Amino acid sequence: MKFLLITILSLFISFFASAKSVTIDINGMKLTYDKAPRLSSVLKQAVKQGDWYWPSSKLFDNKTTEIESERQEIISELKLLLSDSSERQTQVITDLLTQVESWQLMRRISMRIDYDLARIKEQFNPRLIESHYLLRVAARPEIVNVFGTSHALAEMPHLPGAHISVYLQDDDLDCHADSDYVYVITPYGKVDKVNRSYWSNERYELAPGAEVYLPLPESLFSSEVESLNQRIVSLAMHRVK
Amino acid sequence: MKYNKLIQATLLSSAAVIGLGKNVYASEIGTWNLKEKRMTQSDLGGVGLLQTPTARMANEGDLYLNYRDNEQYRFWTVSLTLFPWLESTVRYTDVRTLPFSSDPGFSGDQTAKDKGIDFKVRLIKESQFLPEMSVGIRDVGGNGYFESEFISASKGWGDFDFHLGMGWGYLGRSGTISNPFCDLKESFCDRGLRDGEFLDQGGKFEFDKFFKGETALFGGIEYQTPWAPLSFKLEYEGNDYSRERADQTNDGIVTQDRKWNIAANYLYKGFDFSLAYERGNTLTLGVSYKFNLQTAKQVKFVDTPYSMQERRKDYFENPQGDNRLRTTLRYNAGFALSQLDADKSKDVVTIYGSQEDYRERDESLNRIGRTLANNFPDRVKEYRVVELSSGKPMVETVINAEKFIDFADYVGTDSKLEDTYVRQSPSQESRGAYEVGNAMGFYYGAEMFWTQSFGNPEAFYLYQTGFYLNGGYQFTPSIGIDANAKVTVLENFDKFNFGVDGFESPIPRVRTYVREYVRRSRVMVDSLYGHWSDEIGDNLYASAYGGYLETMFAGVGGEVFYRPVDSKLSYGLDLNWVRQRSFEDDFSLRDYDTLTGHASIYYQMDDWLKDTQLSLNIGEFLAKDKGVQIDFAKRFDSGVVVGAYAAFTDVTSQEYGEGSFTKGFYMSIPFDLFSLKPSKGRGQIPWVPIGRDGGQMLNRPVRLADMTDIRSPFYDR
């Protein structure tokens, strides 16, 4: 009886202890901290694993409530759009809907994750207090991703010095997208709206690891689709997979 | 603030402009991409080809300073993109072929000058099938040498930009097409101006002429060469120069050999040089300088805010603690402390004083909070910062110490400064503990002034500079006396060859004696008055004052003003009886007296248009005219505020005289943008095209809107 009590007690204790501890998944390697660690000490562990390209490193936490409800709102808006769309559009929106539904989301922390910065400047070295984090570090990516109103997720080799339109030359890829603009999520988490049409002389080169969102065609006279596009891009930022 | 034709600025502007060119691009990664189309300026100012405007808009906050020079004209222009859809341009024109007036004794050998204001509004943005389209009016503020209206369309194709427009007035003088509005309505067929005739009053919006008379098409092509600094322009004009100010009598001074104009633009370190060949016979040289009011920034040499990782927390134990806190609050946090309430037995620390250096609230509170956290131990749970204005507690910021320290120590990844504090009216406790003694006694100070005036007959540029010496005595925090002496050090106002203009004026001369006032003496009493002001209820303030209130008027007055903390809306009422001061000596008065007062409303319109404020003053003005003064201001991210105002009263434009109604523009620039140390000061550069007597307000020496500003500031937030 006494033994049982102790077991229950110790279970309780370990439960509370684990609630306070912080776990971090670095590319599959799991670390547990009893006391909330500074980012730099986590990155120190990552550095031991290899030579990482910091501009494309990402940190996620498990505060996903808001993001999931945003996903549901976007899905219902897309469905609304689907209900009064032409046959041609239906396929595009359905594709997009499937993509959004399939995303695995965690909350991406909008901050530069960089071992050097974290050691130099306090504001890049926060104390990590959520219970679970996911850190993605990798070597310099050699690809860029295209998603959105194309039939399939396209992964393309990154071309140094190439203008964005070079990636989008394939007509199949973007025949349903807005003809003037695309959205780019840079590896370090900034969104650029890029004019890639014939009438612009804007020059835009993708950074390695950038993601290009081919948006739904936007209207000149209503900002409804434009704001939906922006919301989809913002949500895509939190994609883990 | 809103003076007559003379223009006041507290410090010079031109010398400092260079520093503004720096933008913050280099600090962000990923900015190697060339985002924007290159915009070039037209001869008359504003984005365009040479003589004609295009539909293109520069970026929000882009400010261009331009100069163009050819044989017949010189143009000085300033063009500002106030919103992405609105461009405004002001222009001084020097007509090199005409004398300023027919009387050399009046204006010497100076050539004719004119000023003008242009507006351009974007109607639609460019897209796959549609061009960018804009509509605009030119030269609405002056004598209409170039008055015109236009609709313009622009379509890009890679490095080419094609433009096509339709113009009326100056831009459409060749009349190559029939006026489309003329087909609709007879009255649009004739503009109603004959050869050699120009508007003599000027300054009005001549709505009755808009889109009337001869109409022509104009357009052109711009080409950006592969070499980034160089671009070319080709233009086809709609003007045939048949009615030209520089060639009023058609002597062949201005002729047009070709309707095509060409130009090359070369960009060098922020300067855009242009060389143009126009009308088939005229060479025009120009230079433009651009900076952006959103991104303008200045490097600062300041102490690092305190880190939360090595806090001293020893205020109560260390004998040097008090001294150190006062010094660091002043030098690290910019906070001039006038009273400190810190008691070992209490868990609240209250500081009274004012922020002297950091004009942005976030930075100010961050530094104050960190300095306090560095000094006080963890058992202090709350920091109260009571900010004073005119010796009175105005606003109290209650900082939750625990939350703040977590924020400042970067605990977690999403803590925000604004979640750590609450701004409120000073609490009863804080008011009760405030020792008024600190706000009493003598004070003195000095402030530089720079008064300038453009476009005068004697010389194009007139200026006066010196100091205002200020001193006073405060009997209680509410009651005091204050005096200002104006000491002129440098000026060329001795060039004045008349004191009062020769126009017959049917309305009282309340402001047009300005020349008499400013040239009377190098040292003069600008103001001398007693004043009282206090908080008389919740969020309600009142004041009364009497004496020599401003340069031109003496009298008594009072005001009540309502302003809750961080409210978008505040309003008040003032009433004054004033008598005109003599310009012959410091203390005697003239016969003219009047009752003047206004109901005023300040509304920060962020819900409608980001970072804008609308102010209305409704009531009776100095010349006994009744009406409303409307003021619209926009703040840019750099802290620069640009505004315009106009007064509409029951004075007719004939009675008013040149300019037709009171209007003016101003730009308020934080000195912070030029200095290596932070500062809260601002310089105001007003531009009043022409100032007359109608729609003029009293410059009240005590303004409750200013005194209570920190409760809901618009300029510095």
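The values are calculated or read from the model by the stated rules, or taken from the named source; none is laboratory data. The shown structure was predicted, so the numbers you read here are calculated from the model rather than taken from an experiment. FYI the Cβ positions are ideal-geometry reconstructions off the backbone, even for glycines, and counts take in every protein chain you see. Calculation scope for accessible area: heavy atoms of the full protein, side chains included, ligands and nucleic acids excluded. Shrake-Rupley method; radii C 1.70, N 1.55, O 1.52, S 1.80 Å.
Restrict the check to region B:464-475 and report whether at least one residue is touching a residue at least 12 places away in the same chain (Cβ under 8 Å), of a type outside the set (A, V, I, L, M) and exposed (fewer than 13 other Cβ atoms within 10 Å of the Cβ).
Going through region B:464-475, the residues touching a residue at least 12 places away in the same chain (Cβ under 8 Å) turn out to be B:464-475.
Now drop any that are not of a type outside the set (A, V, I, L, M), which leaves B:464-468, B:470-475.
From what's left, exposed (fewer than 13 other Cβ atoms within 10 Å of the Cβ): B:475.
Yes, region B:464-475 has at least one match.
Restricting attention to region B:561-594, report how many residues are touching a residue at least 24 places away in the same chain (Cβ under 8 Å), open to solvent by less than 60 Å² (accessible area, probe 1.4 Å), of a type outside the set (D, E, K, R) and farther than 30 Å from B:R717 by Cβ.
Residues meeting the conditions: 6.
Please go through (1) closer than 22 Å to A:P215 by Cβ; (2) assigned to a helix (DSSP H, G or I); (3) more than 14 Å from chain B (Cβ to nearest Cβ) for A:I67 and return the number of the only condition it doesn't satisfy.
(3)
Assess whether A:L159 counts as being touching an Asp or Glu at 6+ places or on another chain (Cβ under 7 Å) and away from chain B (no Cβ under 13 Å). Break it down stepwise before answering.
Working: touching an Asp or Glu at 6+ places or on another chain (Cβ under 7 Å): no; away from chain B (no Cβ under 13 Å): yes.
So A:L159 does not fit the description; no.
Out of curiosity, is A:S131 open to solvent by 50 Å² or more (accessible area, probe 1.4 Å), hydroxyl-bearing (S, T, Y) and within 28 Å of B:M308 (Cβ to Cβ)?
Details: open to solvent by 50 Å² or more (accessible area, probe 1.4 Å): yes; hydroxyl-bearing (S, T, Y): yes; within 28 Å of B:M308 (Cβ to Cβ): yes.
Yes, satisfied.
Taking the criterion of being aromatic (F, W, Y), under 26 Å from the mean Cα position of the chain (by Cα) and open to solvent by 40 Å² or more (accessible area, probe 1.4 Å), would at least one residue in region B:526-548 satisfy it?
Our first condition is that a residue be aromatic (F, W, Y); within region B:526-548, this holds for B:529, B:532, B:541, B:545, B:548.
With the extra rule that they be under 26 Å from the mean Cα position of the chain (by Cα), the set shrinks to none.
No; the residues of region B:526-548 include none that is aromatic (F, W, Y), under 26 Å from the mean Cα position of the chain (by Cα) and open to solvent by 40 Å² or more (accessible area, probe 1.4 Å).
Select from region A:134-163 the residues that are over 28 Å from A:T94 (Cα atoms) and either at pLDDT below 85 or open to solvent by 50 Å² or more (accessible area, probe 1.4 Å) (or both) and list them in ascending order.
A:R136, A:A139, A:R140, A:E142, A:L159, A:P160
Please work out if B:F75 is away from every other protein chain (no Cβ under 14 Å), under 24 Å from the mean Cα position of the chain (by Cα), open to solvent by less than 60 Å² (accessible area, probe 1.4 Å) and of a type in the set (F, W, Y).
Numbers: away from every other protein chain (no Cβ under 14 Å): yes; under 24 Å from the mean Cα position of the chain (by Cα): yes; open to solvent by less than 60 Å² (accessible area, probe 1.4 Å): yes; of a type in the set (F, W, Y): yes.
Here the answer is yes, as B:F75 does meet what is asked.
For region A:184-205, what are the residues that are more than 7 Å from chain B (Cβ to nearest Cβ) and either among the β-branched types (V, I, T) or farther than 17 Å from B:Q128 by Cβ (or both)?
Keep residues of region A:184-205 that are more than 7 Å from chain B (Cβ to nearest Cβ), which gives A:184-185, A:187, A:189, A:191-196.
Those that are more than 7 Å from chain B (Cβ to nearest Cβ) and either among the β-branched types (V, I, T) or farther than 17 Å from B:Q128 by Cβ (or both): A:V184, A:I185, A:P187, A:G189, A:V191, A:D192, A:V194.
Restricting the search to region B:641-666, which residues are in contact with a strand residue (DSSP E or B) (Cβ under 6 Å, 6 or more places away or on another chain), surrounded by 20 or more Cβ atoms within 10 Å (Cβ to Cβ) and of a type in the set (A, V, I, L, M)?
B:V641, B:V642, B:A647
Being in a strand (DSSP E or B), among the hydrophobic types (A, V, I, L, M, F, W, C) and either open to solvent by 50 Å² or more (accessible area, probe 1.4 Å) or over 30 Å from A:S227 (Cα atoms) (or both) is the filter here, so list the residues in region A:26-64 that pass it.
Narrowing region A:26-64 to residues in a strand (DSSP E or B): A:26, A:29-33, A:38, A:58-61.
Now restrict to residues that are among the hydrophobic types (A, V, I, L, M, F, W, C): A:26, A:29, A:31, A:59-60.
Correct list: A:I26, A:M29, A:L31.
Criterion first (more than 26 Å from B:Q248 (Cα to Cα), away from chain A (no Cβ under 14 Å) and open to solvent by less than 10 Å² (accessible area, probe 1.4 Å)) does B:T89 satisfy it? Walk me through it before giving the result.
Numbers: more than 26 Å from B:Q248 (Cα to Cα): no; away from chain A (no Cβ under 14 Å): yes; open to solvent by less than 10 Å² (accessible area, probe 1.4 Å): yes.
No; evaluated as a whole, the condition is false for this residue.
Being surrounded by fewer than 18 Cβ atoms within 10 Å (Cβ to Cβ) and more than 14 Å from chain A (Cβ to nearest Cβ): is that true of B:A401 here? So that I can check it myself, show each step before the final result.
Values: surrounded by fewer than 18 Cβ atoms within 10 Å (Cβ to Cβ): no; more than 14 Å from chain A (Cβ to nearest Cβ): yes.
No, not satisfied.
Just checking, how many residues over region A:171-188 are surrounded by 17 or more Cβ atoms within 10 Å (Cβ to Cβ) and assigned to a loop (DSSP other than H, G, I, E, B)? Outline the logic, then answer.
Step one: filter region A:171-188 for residues surrounded by 17 or more Cβ atoms within 10 Å (Cβ to Cβ), giving A:173-174, A:176-178, A:180-188.
Filter once more, so that each one left must be assigned to a loop (DSSP other than H, G, I, E, B): A:176-178, A:180, A:186-188.
Matching residues across region A:171-188 total 7.
Look at region B:410-427 and say how many of its residues are open to solvent by less than 60 Å² (accessible area, probe 1.4 Å) and within 13 Å of chain A (Cβ to nearest Cβ).
6
Residue by residue through region A:109-118, note down the ones that are open to solvent by 20 Å² or more (accessible area, probe 1.4 Å) and either within 23 Å of A:S234 (Cβ to Cβ) or within 13 Å of chain B (Cβ to nearest Cβ) (or both).
Step one: of region A:109-118, the residues open to solvent by 20 Å² or more (accessible area, probe 1.4 Å) are A:110-112, A:114-117.
A:S110, A:M111, A:R112, A:D114, A:L117, listed by residue number.
Can you work out which of the residues in region B:95-112 that are in contact (Cβ under 8 Å) with a residue 60 or more places away in the chain and touching a strand residue (DSSP E or B) at 6+ places or on another chain (Cβ under 6 Å) is most open to solvent (accessible area, probe 1.4 Å)?
B:R96
Any idea which of A:Y204, A:Y167 is closer than 26 Å to B:L130 by Cβ, touching a residue at least 40 places away in the same chain (Cβ under 8 Å) and of a type outside the set (A, V, I, L, M)? Steps first, please.
On the way: A:Y167 fails: closer than 26 Å to B:L130 by Cβ.
Matching residue, one of A:Y204, A:Y167: A:Y204.
Give the residues of region A:87-108 that are within 14 Å of another protein chain (Cβ to nearest Cβ) and either surrounded by fewer than 17 Cβ atoms within 10 Å (Cβ to Cβ) or touching a Gly at 6+ places or on another chain (Cβ under 9 Å) (or both), sorted by residue number. Quick ask: steps written out before the conclusion?
Pass one, region A:87-108, residues within 14 Å of another protein chain (Cβ to nearest Cβ): A:106-108.
Across region A:87-108, the qualifying residue is only A:R108.
Answer yes or no as to whether B:E447 is in contact with a strand residue (DSSP E or B) (Cβ under 6 Å, 6 or more places away or on another chain) and either open to solvent by 20 Å² or more (accessible area, probe 1.4 Å) or more than 14 Å from chain A (Cβ to nearest Cβ) (or both).
Details: in contact with a strand residue (DSSP E or B) (Cβ under 6 Å, 6 or more places away or on another chain): yes; either open to solvent by 20 Å² or more (accessible area, probe 1.4 Å) or more than 14 Å from chain A (Cβ to nearest Cβ) (or both): yes.
Spelling it out, B:E447 is indeed in contact with a strand residue (DSSP E or B) (Cβ under 6 Å, 6 or more places away or on another chain) and either open to solvent by 20 Å² or more (accessible area, probe 1.4 Å) or more than 14 Å from chain A (Cβ to nearest Cβ) (or both).
I want to confirm something. Restricting to region A:68-86 and keeping residues that are within 19 Å of A:K58 (Cβ to Cβ) and touching a helix residue (DSSP H, G or I) at 6+ places or on another chain (Cβ under 7 Å), which single residue is surrounded by the fewest Cβ atoms within 10 Å (Cβ to Cβ)?
Taking region A:68-86 first, the residues within 19 Å of A:K58 (Cβ to Cβ) are A:68, A:70-71.
Now narrow it down to the ones that are touching a helix residue (DSSP H, G or I) at 6+ places or on another chain (Cβ under 7 Å): A:70-71.
Working: A:E70: 17, A:R71: 19.
Ranking the qualifying residues of region A:68-86, first place goes to A:E70.
So, of the residues in region B:269-296 that are crowded, with 18+ Cβ neighbours inside 10 Å and among the basic types (K, R), which turns out to be farthest from B:D406 (Cα to Cα)?
B:R279
Evaluate region A:225-236: report whether one residue or more is in a loop (DSSP other than H, G, I, E, B) and either crowded, with 21+ Cβ neighbours inside 10 Å or within 10 Å of another protein chain (Cβ to nearest Cβ) (or both).
Of region A:225-236, the ones in a loop (DSSP other than H, G, I, E, B) are none.
No, region A:225-236 contains no residue that is in a loop (DSSP other than H, G, I, E, B) and either crowded, with 21+ Cβ neighbours inside 10 Å or within 10 Å of another protein chain (Cβ to nearest Cβ) (or both).
Every residue in region B:299-336 that is in contact with a helix residue (DSSP H, G or I) (Cβ under 8 Å, 6 or more places away or on another chain), surrounded by 13 or more Cβ atoms within 10 Å (Cβ to Cβ), in contact (Cβ under 8 Å) with a residue 60 or more places away in the chain and of a type outside the set (S, T, Y), please.
B:P305, B:M308, B:R311, B:R312, B:K313, B:D314, B:G334
Quick one: A:P215 ticks every box in (1) more than 16 Å from the chain's Cα centre (by Cα); (2) open to solvent by less than 20 Å² (accessible area, probe 1.4 Å); (3) over 19 Å from A:E70 (Cα atoms); (4) within 14 Å of chain B (Cβ to nearest Cβ) bar one, so which box is it?
(3)
What number of residues within region A:120-156 are over 18 Å from the mean Cα position of the chain (by Cα) and within 14 Å of chain B (Cβ to nearest Cβ)?
12
Which of the residues that make up region B:476-500 are surrounded by 16 or more Cβ atoms within 10 Å (Cβ to Cβ) and aromatic (F, W, Y)? Lay out the reasoning, then the answer.
If we filter region B:476-500 for residues that are surrounded by 16 or more Cβ atoms within 10 Å (Cβ to Cβ), which is where we start, we get B:477-478, B:480, B:482-486, B:488, B:491, B:493, B:496.
Listed by number, the residues that qualify are B:F493, B:F496.
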